[in-house]
Amino acid sequence: MSKYKNIESLIEKKKSEVSDLDTLEKFRLNFLGKKGEISLLMKELSQLDADARKQQAEELNIIKDSVLKFVKDKTAELQNEAMQGQLTSESLDLSLPVNSQNGTIHPVTQVIEEVIAIFGDLDFFVAEGPEVETDYNNFTALNTSEHHPARQMHDTFYVNSSTDNMPNVLRTHTSPVQIRSMLKQKPPIRLIAPGKTFRRDDDQTHTPMFHQVEGLVIDNESNMSHLKGCLETFLKSFFETDSLKMRFRPSHFPFTEPSAEVDIGYKKKGNQLIIGEGDDWLEILGCGMVHPNVLKNVNINPDEYQGYAFGMGIERLAMLKYGISDLRTFFDNDLRWNKHYGFSSINIPSLIGDLS
Amino acid sequence: MKFTISWLKEHLETTATDEEIVAKLTALGLEVEEHSDTSKAFSDFVVGQVLEEGKHPNADKLKVCKVDIGKTKVDIVCGAPNVEKGMKVVYAPPGSTIPVNQMKLKAAKIRGVESSGMMCSEYELGISDNHEGIIRLKDDSKIGQSYSEIAGLDDVVIKIGITPNRQDCLGIFGIARDLAASGLGQLKVRQNNSQKGSIKSPINIETKDTDLCPVFAGRYFKGVKNVQSPDWLQQKLKAVGLRPISALVDITNFVMLDLNRPLHVYDADKIDGKIIVRESKKGESFNALDEKNYDLKEGMCTIADEKKVLGLGGIMGGESSGCNESTENVLLESALFNPINIAKSGRNLSILSDARYRFERGVDPQSVLIGIDRATELISEICGGEFSEVVIAGKIPEDDRSVDLSVERIQKRLGVSLDDKETISILNSLGIETKQKGEAISCKIPSWRQDILEEADLSEEIIRIKGYDHIPITSVRISEKVNPAILSKGQKLISKAKHFIAAQGYNELVTWSFSFSDDCQFFGDNSKLEIVNPISEDLDILRPSLLPNLIGAVKKNASRGFETFSIFEVGSQYKTSEPEDQMNIACGIKVGIRQKKDWQNEKSLFDVYDSKRDLFNLIDHLILQQKKLTIIDEAPDWYHPGRSATVMLNKTIKIGYFGEIHPRISKHYKIKERINAFELLLDDIPSIAKKTTNKPMLNLSDFQSVSRDFAFVLDQNIQGYELIDSAMKVDRNLIQDVEIFDLFEDPNLGENKKSMAIKVTMQAADRTLKEDEIQELSSKIIEVIEKSTSGSVRS
């Protein structure tokens, strides 16, 4: 027994000298290296007789195992300490600000895409027409003759036409898309046409350019009752409420007969408009049954086909839904406004996901 | 159109409340725009009397008055020229609201003198445009009495919007007729009092053009006194916003408002010979009653005598034959004019008048004599004198419009169930006479409904009276689709482009489709883009490009303190002012600071490579497969020639530009920073039909890839892509990628020389490349590049 007393006390002494991974490696070599103390003692065992060898080998192995265990544990301990040290030294001030440059989608684009999502789901395709129009498409074909009083309400912008005596116009509504589409396609027709429109008007509540969306349905049976159903479905989806109140009022547009204006119920709460509650009415759109003369003008037989049309202002929809109080700000291009009222670039309105 | 409830009730027997009347008007399509109880608006105003009137110590034009208002006496500072001692006035106390501007009055010191309330003009009360002095009330007005009582303003005033088709409701009688039809009361039947004249008219009437003026009826009045109108008449006119002028004029206005029958009165002594209704001739002009002179164009409907133009028929009379207080003999006109001619002339001369407004919408032809009769009653009563027989030139046009109606078709159009009985009852209530005609109902349209021409018009009448609320709601969720696609390829491109560009950090703007010619001079040919009647001088043409307005937005926001701009617009620009010359463009610009100096980064500015990257990424996003993008060294004039390029798709299709905007344009806009832009010509992106939804086969090699770096000394004008292209061509199988990783200039390299270094990645599909293969490829790359660029490899 006493034979290994020395080495055991040496081990204990050397252990206390281990302070890091380097000294630990030295310690390991000192005892377990090829010429280490324990390794040498192991070699000496071969010179002993069998019994003594067995007994001493047992003893020596216990010592060796304890050294091995020490090395393993100490390695883990020291590595852990080193990691802790690294972590402490590497910590950062995460309160420092980071840059972000998010783009935005203009509310007009957002609302047009919402409108398309809703009507697309009702099987309306998206038709288009040019912003510069012929006088004929913008007025005459829509049952608005040259001297119709309704023309004066339009305050039309004129541009020169090279081909015609009549100047061209900047379309005053999206309705000429009805004409272009009906000339291209036979019924059944079910379309919407969002786009830019222009009127020579500039004050608190008018801008010389604005956006509308037109709707047109022509088939064998669509009537005012369908028109009501269609608009109710749209308005409920758009304003994301089931409790929408809607009111039809007689009105006049040369290209529809009967014609109606549609109001929705709302109430004001502080600065907020709440659609779907309250007893006040807000005008939201114009509509009606397509006038037989319009159908005749595009060679569709009004005795066989009928249908409805509607038109509404995109900015107005946006203002009501998103609480934007001033129409003119839409086109001011004040980046503070665009960043505030703009929408996330990756939000694409959908009835399956989110509309807004 | 404004009217009062009490005036309405002169024609309508009803027990309905004001609220019910208002609701019904709107439900009938006579939309109530305003309705105000004037007795409330004027409730604070009382009669006062000026007791003393003296000079203001500190202001020449102001006076200090002591005014008795019944309960007490107050001091008021007043600037009106007509204020005088003893005068009865309308007093507005502090705390009251002045109708014209909705200002709340406060007691205040005016130039150092306390003033408690004010004395009002008609303008301030919103009852007329007259602001020359304060109102002088009659001397017998009772001090302290409410002004609304004595002015007859204790009534509910309703303003309705009348759509262009409803000319029949431009008179209060017509409004009553519509309300009665809807069941709100009984129309009081008017008894027309047609009186025979006692003298012969000395003024003959001749109509030369019965198309312009089918009928002109005139009556001569002798020995009238054109006095002030009686109170009842003045109050009626004032209540609806008209200023009383004189009895004769007020009577014509009254008949127009009451019965929708425009009339005109001429001072008969100022007419030379007979009245001639004819087309105007070139060079004629006249002074109208609005005190303006108008040069007439050929073909306008002129009322003339044998020497001069008296007025424009149906639009406005002339000053030369106008009535004033000394008028004794009068010719009253009640005529019909051609609506189109009136509309044209009125627009041409920009004259607005109540008569024009009515005639261009169509006046009831049968009202010609009714108007004469009603005005005769009133003139005799108020102005006295004798009158002649009615002289009529031309004749009242026959109007026997009749429309056949099928109840079945009406139901089909409205989606409402109706029977014959209800239909006929509604039609009759509107004065439409009905007769069964086989299956159909034959409807005789009354003369006052000039707008009803066909069955569709009747369908509106029926549902209007029945009530739009009775239209049921039918779902339009359909089972059978009629549209194969909702969005076209072009529309999808636009939407994708917007979202992608925004996702790269740009803010979407929507700018005017118009622009300023001065700003657009740099952007191609603008000669065919002029707007004939622009909204303002600086928005005078259609935009030839999206850039001018976007750059303008940069300028505007820079002055708000912004230093960094990533803005874009997707929209149309125009080549000419023809419908087919409109193009869809996606345009983005970056200006100013890309990265501001902060704790982490150095400051950097946007440059043209930002625009290049954004454009190329955008194109990658929009055109998924089978494309090759190259750039050519040219671009439109608005780009810096040395810092711009055109992007070609598959070498043949120009699809966009990017570059720095030409410095002369930045200078024009006074923008110091460089403007970097891209434009993508969305309409020129070919729509390549997808042959398969499969993506191309992906072949990945498992063998090791190696890369080698090469640096070359090159002439300045050698472009990066030439190195990449040349290297790629050496072996398209083995060379996987070529990347430029270093670029610098140094005088040591030689004059006009630069160093450019590339990293070439090599990999084989079937083996690991051996050192000698790599060596061989490397030598070839050096050889090919040295040859193609006349450069030399740097060792």
**Message:** Could you list, ordered by first residue, the pairs with Cβ atoms under 7 Å in which the first is in the range B:87-100 and charged (D, E, K, R) and the second is open to solvent by less than 10 Å² (accessible area, probe 1.4 Å), at least 6 apart or interchain?
**Reply:** B:LYS88/B:VAL47
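Matching residues to (1) open to solvent by 30 Å² or more (accessible area, probe 1.4 Å); (2) not hydrophobic (A, V, I, L, M, F, W, C):
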| residue | (1), (2) |
| --- | --- |
| B:MET728 | yes, no |
| B:ASP731 | yes, yes |
| B:GLU751 | yes, yes |
| B:SER755 | no, yes |
| B:THR761 | yes, yes |
| B:ASP772 | yes, yes |
| B:LYS780 | yes, yes |
**Members of the range A:166-187 that are open to solvent by 20 Å² or more (accessible area, probe 1.4 Å) and under 13 Å from A:GLU214 (Cα atoms)** = A:ARG180
**Prompt:** Looking at (1) among the acidic types (Asp, Glu); (2) open to solvent by 10 Å² or more (accessible area, probe 1.4 Å); (3) in contact with a Ser or Thr (Cβ under 7 Å, 6 or more places away or on another chain), which is the one condition that is false for B:ASP525?
**Reply:** (3)
**Message:** Here is a list: B:VAL277, B:VAL227, B:VAL189. Which entry is of a type outside the set (D, E, K, R) and part of a strand (DSSP E or B)?
**Reply:** B:VAL277
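One line per residue, one yes/no per condition, for (1) among the acidic types (Asp, Glu); (2) open to solvent by 70 Å² or more (accessible area, probe 1.4 Å):
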site: B:GLU634; (1), (2): yes, yes
site: B:MET648; (1), (2): no, no
site: B:LYS651; (1), (2): no, yes
site: B:LYS667; (1), (2): no, yes
site: B:ALA677; (1), (2): no, no
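Residue-wise test of (1) buried (at least 21 other Cβ atoms within 10 Å of the Cβ); (2) within 12 Å of chain A (Cβ to nearest Cβ).
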{"position": "B:TYR574", "(1), (2)": "yes, yes"}
{"position": "B:GLU578", "(1), (2)": "no, yes"}
{"position": "B:CYS587", "(1), (2)": "yes, no"}
{"position": "B:GLN595", "(1), (2)": "no, yes"}
{"position": "B:TRP599", "(1), (2)": "no, yes"}
{"position": "B:PHE606", "(1), (2)": "yes, yes"}
{"position": "B:SER611", "(1), (2)": "yes, no"}
**Request:** Considering (1) under 30 Å from B:PHE565 (Cβ atoms); (2) modelled with pLDDT of 90 or more, say which one A:VAL67 fails and leave the rest.
**Result:** (1)
**Asked** Of all the strands (runs of 3 or more DSSP E) wholly in the range A:260-314, which have at least 3 residues that are at pLDDT 95 or above, open to solvent by less than 70 Å² (accessible area, probe 1.4 Å) and within 30 Å of A:ASP219 (Cβ to Cβ)?
**Response** A:280-290, A:306-313
**Message:** Kindly evaluate A:LEU96 against the criterion of being part of a helix (DSSP H, G or I), surrounded by fewer than 10 Cβ atoms within 10 Å (Cβ to Cβ), over 21 Å from the mean Cα position of the chain (by Cα) and of a type in the set (A, V, I, L, M).
**Reply:** no
**Prompt:** Taking the range B:528-548 as the search range and keeping residues that are open to solvent by 20 Å² or more (accessible area, probe 1.4 Å) and facing chain A (nearest Cβ under 8 Å), which one is nearest to A:TRP337 (Cα to Cα)?
**Reply:** B:LEU539
**Request:** Would you tally the residues in the range B:676-691 being over 23 Å from B:LYS575 (Cβ atoms) and modelled with pLDDT of 95 or more?
**Result:** 1
**Fill in**
Taking the range A:100-119 and the residues there that are surrounded by fewer than 20 Cβ atoms within 10 Å (Cβ to Cβ) and facing chain B (nearest Cβ under 7 Å), the one that is nearest to A:ASP219 (Cα to Cα) would be A:ASN102
**Asked** Quick check, is B:ILE158 assigned to a strand (DSSP E or B) and either under 37 Å from the mean Cα position of the chain (by Cα) or in contact (Cβ under 8 Å) with a residue 40 or more places away in the chain (or both)?
**Response** yes
**Residue count, the range B:474-508 (criterion: closer than 19 Å to A:GLY215 by Cα and basic (Lys, Arg))** = 2
**Request:** Check B:THR72, B:THR97 and return the single one that is out of contact with any Gly (no Cβ under 7 Å at 6 or more places or on another chain) and under 17 Å from B:VAL50 (Cβ atoms).
**Result:** B:THR72
**Request:** Scan (1) basic (Lys, Arg); (2) facing chain A (nearest Cβ under 8 Å); (3) assigned to a strand (DSSP E or B) for the single condition B:ARG560 breaks and write down its number.
**Result:** (3)
**Request:** For the range A:15-56, enumerate the residues that are in contact with a Phe, Trp or Tyr (Cβ under 6 Å, 6 or more places away or on another chain) and open to solvent by less than 60 Å² (accessible area, probe 1.4 Å).
**Result:** A:VAL18, A:ILE38
**Request:** Return a yes/no flag: does the range B:361-373 have any residue that is closer than 30 Å to B:VAL227 by Cα, in contact with a strand residue (DSSP E or B) (Cβ under 7 Å, 6 or more places away or on another chain) and in a strand (DSSP E or B).
**Result:** no
**Complete:** The one condition B:LYS73 fails out of (1) touching a residue at least 24 places away in the same chain (Cβ under 8 Å); (2) farther than 19 Å from B:ARG136 by Cβ is (1)
**Residues (outside any loop (DSSP other than H, G, I, E, B) and touching a strand residue (DSSP E or B) at 6+ places or on another chain (Cβ under 9 Å)) located in the range B:241-254** = B:LEU248, B:VAL249, B:ILE251, B:THR252
**Request:** Look at the range B:452-473 and say how many of its residues are facing another protein chain (nearest Cβ under 9 Å), within 19 Å of B:THR26 (Cα to Cα) and assigned to a loop (DSSP other than H, G, I, E, B).
**Result:** 1
**Message:** Taking the conditions exactly as written (of a type in the set (S, T, N, Q) and away from every other protein chain (no Cβ under 11 Å)), does A:SER325 satisfy them or not?
**Reply:** yes
**Prompt:** Quick check: is even one residue across the range B:333-349 more than 20 Å from B:PRO446 (Cβ to Cβ), in contact (Cβ under 8 Å) with a residue 24 or more places away in the chain and part of a strand (DSSP E or B)?
**Reply:** yes
**Asked** Any idea which residue in the range B:165-178 is nearest to A:SER251 (Cα to Cα), counting only those that are touching a strand residue (DSSP E or B) at 6+ places or on another chain (Cβ under 6 Å) and either within 14 Å of chain A (Cβ to nearest Cβ) or of a type outside the set (Gly, Ala, Ser) (or both)?
**Response** B:ASN165
**Request:** Name every residue in the range B:499-522 that is at the interface with chain A (Cβ under 7 Å from one of its Cβ atoms) and open to solvent by 30 Å² or more (accessible area, probe 1.4 Å), in order of residue number.
**Result:** B:ALA503, B:GLN504, B:TRP512
**Message:** Given the criterion open to solvent by 50 Å² or more (accessible area, probe 1.4 Å), in a strand (DSSP E or B) and more than 14 Å from chain A (Cβ to nearest Cβ), identify the matching residue among B:GLU34, B:GLU20, B:GLU84.
**Reply:** B:GLU34
**Message:** I'd like to verify a number: residues in the range A:204-221 that are over 30 Å from A:LEU327 (Cα atoms) and open to solvent by 10 Å² or more (accessible area, probe 1.4 Å), how many?
**Reply:** 3
**Prompt:** Would you call B:GLY185 touching a residue at least 24 places away in the same chain (Cβ under 8 Å), surrounded by 14 or more Cβ atoms within 10 Å (Cβ to Cβ) and in contact with a Ser or Thr (Cβ under 6 Å, 6 or more places away or on another chain)?
**Reply:** yes
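The values are calculated or read from the model by the stated rules, or taken from the named source; none is laboratory data. Quantities reported herein were computed from a predicted structural model and do not represent experimental measurements. A quick note on method: Cβ atoms are made from the backbone with ideal geometry, for glycine too, and the neighbour counts reach across all protein chains shown. These accessible areas exclude ligands, DNA and RNA; they are computed on the full protein's heavy atoms, side chains included. Shrake-Rupley method; radii C 1.70, N 1.55, O 1.52, S 1.80 Å.
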